[in-house]
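Here it is, the structure, as structure tokens.
The values are calculated or read from the model by the stated rules, or taken from the named source; none is laboratory data. Computed from a predicted structure; not experimentally measured. Cβ coordinates were reconstructed from backbone atoms using ideal geometry, including for glycine residues, and neighbour counts include every protein chain displayed.
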Amino acid sequence: MLTILLTAGVIGGIAVLCASALALAAHCFAVYEDPRVGELEKCLPGVNCGACGYAGCSDYAKAIVAEEAGIDRCAPGGNDVLEALAAATGAAATTLEKMVALVHCNGTAENAKHRHAYNGIMDCQAAHQLAGGDMTCNYGCLGYGSCARVCPVDAIEINKNLAIVHPDLCIGCKACVASCPRNLISMVPASKKIHVLCSSADKGPIAKKACNVACIGCRICAKLDGDAFTMDGFLAKRNYDNDVTNPAVIEKCPGKCIVDTAPAPPAQPTEGQHA
Ligand code: SF4
Ligand code: SF4
């Protein structure tokens, strides 16, 4: 009996000692978290997408409190989050331009030619590493959906071997941008609807041989609307700082690679019809 009591006493003593040591350690090594971090976290959407450049919403909130980051880095949250952060921090709120991802290619199965069949892993990185992919164009979309798989909101559809971003679904997290081995995806202002959907740097005849809707480097767009279109070698580029003031470029482009992605307006009733 005495042995049992002694053992229980020793164990109890050790437990008390350990608990005290743990309590002391917790006190000594306690990390103080500024209560403002929690307040700002509540303003953020909690999707932890990393678009702000931080590992997640919590880290971004800490960076704002530490004055390492501004309040305008949460693309998914848009202006609502910006206003909430401005109210919580007292900082001035400007208006955020909504940015969405765009795949700069229109090489569908009908438009772009294949140089050989590909039976490897259904992944763009794998296909790209195997002799540059199966497309005749070395710059075009491979269509194996690496971008679609990383999109947290299913905003990318693979249709006829081509990745297409649905701008209304895109939250602007940029996850797809880094996933594309062809560097075909960039963020563009959601308000801009006219784009150059080609990324081929090849000379016109080579580009045209590979795809029916390739930029042939003719410079017509840059001559017709030099503020909205510039040339980068043999490839036309859209300057998103400016609106397209001469929409005739779409029709005049012999490569058919300038595209208006705005939904077509509803058909007007013809004479004798009612709306
Ligand atoms: S398409 Fe998807 S992955 Fe790309 S930026 Fe938009 S939400 Fe993010
Ligand atoms: S855009 Fe890039 S990642 Fe997406 S399907 Fe095309 S090649 Fe693959």
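Name the single residue, out of those in segment 159-173 being within 12 Å of ligand 2 (Cβ to nearest atom) and aliphatic (A, V, I, L, M), that is surrounded by the fewest Cβ atoms within 10 Å (Cβ to Cβ).
ILE164
Follow-up question, since we're still on this one. Can you pull out the strands (runs of 3 or more DSSP E) entirely within segment 138-194 that have at least 2 residues that are within 22 Å of ALA207 (Cβ to Cβ) and touching an Asp or Glu at 6+ places or on another chain (Cβ under 8 Å)?
Here the list reads 162-165.
With respect to ALA92, determine if the residue is at pLDDT 95 or above and either out of contact with any His (no Cβ under 7 Å at 6 or more places or on another chain) or within 24 Å of SER191 (Cα to Cα) (or both).
It is false that ALA92 is at pLDDT 95 or above and either out of contact with any His (no Cβ under 7 Å at 6 or more places or on another chain) or within 24 Å of SER191 (Cα to Cα) (or both).
Moving on to the next point. Checking the structure you have, find out if any residue of segment 92-103 is more than 12 Å from ligand 1 (Cβ to nearest atom) and in contact (Cβ under 8 Å) with a residue 40 or more places away in the chain.
yes
Scan segment 147-170 and report the pairs whose first residue is assigned by TED's automatic domain parsing to the domain that holds MET135 and whose second residue is near ligand 1 (Cβ under 7 Å from one of its atoms) and small (Gly, Ala, Ser), with Cβ atoms within less than 6 Å and a gap of 6+ or a chain change.
Final answer for the pair search is VAL150/ALA175; VAL165/ALA101; VAL165/ALA155; HIS166/ALA155; LEU169/ALA155; CYS170/ALA101; CYS170/ALA155.
Could you tell me which numbered condition LYS237 fails, if it satisfies all but one of (1) outside the structural domain of GLU251 (by TED's automatic domain parsing); (2) assigned to a strand (DSSP E or B); (3) of a type outside the set (A, V, I, L, M, F, W, C)?
(1)
For segment 99-158, name all the residues that are hydrophobic (A, V, I, L, M, F, W, C), over 30 Å from PRO45 (Cα atoms) and buried (at least 20 other Cβ atoms within 10 Å of the Cβ).
Those that are hydrophobic (A, V, I, L, M, F, W, C), over 30 Å from PRO45 (Cα atoms) and buried (at least 20 other Cβ atoms within 10 Å of the Cβ): CYS105, ALA112, CYS124, ALA127, MET135, CYS137, CYS141, LEU142.
Can you name the helices (runs of 4 or more DSSP H) wholly within segment 1-88 that have at least 3 residues being over 25 Å from ILE171 (Cβ atoms) and either modelled with pLDDT under 85 or not aromatic (Phe, Trp, Tyr) (or both)?
2-28
Moving to a separate point now. Criterion first (crowded, with 16+ Cβ neighbours inside 10 Å and within 14 Å of ligand 1 (Cβ to nearest atom)) does PRO181 satisfy it?
In short, no.
Condition first: more than 10 Å from ligand 2 (Cβ to nearest atom) and touching a Pro at 6+ places or on another chain (Cβ under 7 Å). Can you find one or more residues in segment 174-193 that meet it?
Among the residues of segment 174-193, at least one is more than 10 Å from ligand 2 (Cβ to nearest atom) and touching a Pro at 6+ places or on another chain (Cβ under 7 Å), which makes the answer yes.
Step by step: first the residues of segment 109-152, then only those that are modelled with pLDDT under 95 and on the phi > 0 side of the Ramachandran plot, then the one that is nearest to ligand 2 (Cβ to nearest atom). Which residue is that?
Among those that are modelled with pLDDT under 95 and on the phi > 0 side of the Ramachandran plot, it is GLY133.
So, in segment 195-231, of the ones that are in a strand (DSSP E or B) and free of Cβ contacts under 8 Å to residues at least 24 places away in the same chain, which residue ends up surrounded by the most Cβ atoms within 10 Å (Cβ to Cβ)?
Per the stated criteria, the residue is MET231.
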